[in-house]
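Some notes on the structure that comes next.
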Number of protein chains: 2
Amino acid sequence: MTSLEKKDIPISVIRRLTRYYRYLCVLEKSCIDKISSQAFAEHLALTASQVRQDLGYFGGFGHRGYGYEVKMLKEKLEEILGITNLKKCILIGAGNLGTAILSMNYEKLGFDLVGVFDSNPLLKGTINRGHIIISNDELEKFCKYHKPQAAIICTPSSSVEDIAKRLYNLDVKSFLNFSHYDISILLPDAIVESVHLNDSMMILGFLMQ
Amino acid sequence: MTSLEKKDIPISVIRRLTRYYRYLCVLEKSCIDKISSQAFAEHLALTASQVRQDLGYFGGFGHRGYGYEVKMLKEKLEEILGITNLKKCILIGAGNLGTAILSMNYEKLGFDLVGVFDSNPLLKGTINRGHIIISNDELEKFCKYHKPQAAIICTPSSSVEDIAKRLYNLDVKSFLNFSHYDISILLPDAIVESVHLNDSMMILGFLMQ
């Protein structure tokens, strides 16, 4: 897929692809080898035509009157989502949230975690989930040598501006951002996926009223 | 606002309201007392008409040629998002992710955390961020007495089906869900806001290609 084609795909479609992928993993584990777009849609509270339209962006993959082959579609989505292509990344901030991320199966999501950083001198050199904690002071040296492509930001918001600028200058231009700080305002051409826990809590609060 | 009116507001508008709210908090801290819809929009990478349309769902609040009063709009959004109305909630799963949530300023987001639960017998009775950890076995007794309205689910996916069903039967029908388990499929009329860390990682991976 060319970058022009990729730009034409709405981000909402990509967000649904990840849900399709998760469900396909469940189906595969349950030894189910095919699924109709109708059953697929019902499980995900979508319509069958929505499912067909979303997958149509990438060429379809279904057969009329048969549905989708689970294993084949799962592999196609792995390709589309780039899961099969390991990307070097680092994690900044090895507190509770950072440690929760370290416990995830990030390799299965397409990321090779090559370094874990924290500004707390007491953590420097300690081991967390098999990773040795490196001081933030070493970022420049480390990145010049290892050339990570992405950074997972689990630091307090107050330090994100400094960290993000330094990383950007080191050619780390993709961020998974857990802070409130809006990296894409600071660095408009960076690739940023943000997880705002506060926002999710407020949205739940609104829906509960 | 009646529930009928609330249903007519797209969830995408609510998601933007939380971003407006976050930005208004920053403006207030910086002692800025008014902002034009244009400046507002530029900061959030939206258009001014989008901002006006979103706020129009709730009555507008702006003045032509003047913009928005920061303090007033912030207070209005607090009302709309229900932040001023504290809702009793519990947290299930006091591991690293749960502990990260316990460190958040959840009262400022409209939640009163009345109980923290974990299934690990070694954690029972220990204190985490000022909360005494209660065994999951006590859920029924606790909920009957304290009547929480919402639960923050930070447990492994494998235990969510059981926990969510038990809570639903105890009249806890709103969930902030951090697991991969899809609670809204199990309980279609529950209120569920999900934070899928895996999905965010896959989306970043896709965008990086």
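Points to keep in mind about this one:
- The apolar share of the surface of chain A, taken as the fraction of accessible area on carbon and sulfur atoms (1.4 Å probe, ligands and nucleic acids excluded), comes to 51 percent.
- Beta bridges per DSSP with both ends in the protein assembly as shown, % antiparallel, nearest 5: 20 percent
- Helical runs assigned H by DSSP (4 residues or longer) give the protein assembly as shown a calculated mean residue ellipticity at 222 nm of -12500 deg cm²/dmol, each run adding -39500 (n - 2.57) before division by the residue total.
- Think of a 1.4 Å ball rolled over the protein heavy atoms: chain A then has 49 Å² of accessible area per residue.
- Total accessible area lost when A and B pair, probe 1.4 Å, Å² to nearest 100: 5300 Å²
- Between copies, the label points of B:SER103, set 7 Å from Cα on the Cα→Cβ line, lie 1.4 nm apart, reported in increasing order to one decimal in nanometres.
- Cα-based reach from A:LYS144 at 23 Å (exclusive), listing lysines while leaving out same-chain residues under 8 positions away: A:LYS87, A:LYS88, A:LYS124, A:LYS165, A:LYS173
- With its label point put 7 Å out from Cα toward Cβ, A:ILE9 sits 3.3 nm from the same residue's point in the other copies, in order from shortest.
- Burial of 20 Å² or greater, the stretch B:85-125 residues [accessible area, probe 1.4 Å, versus chain by itself]: B:LYS87, B:ASN96, B:LEU97, B:ALA100, B:MET104, B:LEU109, B:PHE111
- Of the trypsin sites (Lys or Arg not before Pro) found in the stretch A:165-200, not one falls in a DSSP loop while having at most 15 other beta-carbon atoms within 10 Å.
- Cα shape, the protein assembly as shown, gyration tensor, a/c 1.5 rule: rounded
- Over all distinct Cα-Cα pairs of chain A, the Kirkwood formula returns a hydrodynamic radius of 19.2 Å.
- Rounded to 0.05, the FRET efficiency of the A:ARG129 and B:VAL13 pair, given R0 = 45 Å and the Cβ-Cβ distance, is 0.70.
- Relative to the other identical copies, B:LYS165 shows label-point distances of 5.5 nm, where the label point lies 7 Å from Cα along the Cβ direction and values run shortest first.
- At least 30 Å² of accessible area lost relative to the chain alone, listed for the stretch A:164-181 with a 1.4 Å probe: A:LEU176
The values are calculated or read from the model by the stated rules, or taken from the named source; none is laboratory data. Keep in mind that what you see is a predicted model, and the values were worked out from it rather than measured. Positions of Cβ are generated from backbone atoms using ideal geometry, with glycine treated the same way; all protein chains shown enter the neighbour counts. Heavy atoms of the whole protein, side chains included, go into the accessibility calculation; ligands, DNA and RNA do not. Shrake-Rupley method; radii C 1.70, N 1.55, O 1.52, S 1.80 Å.
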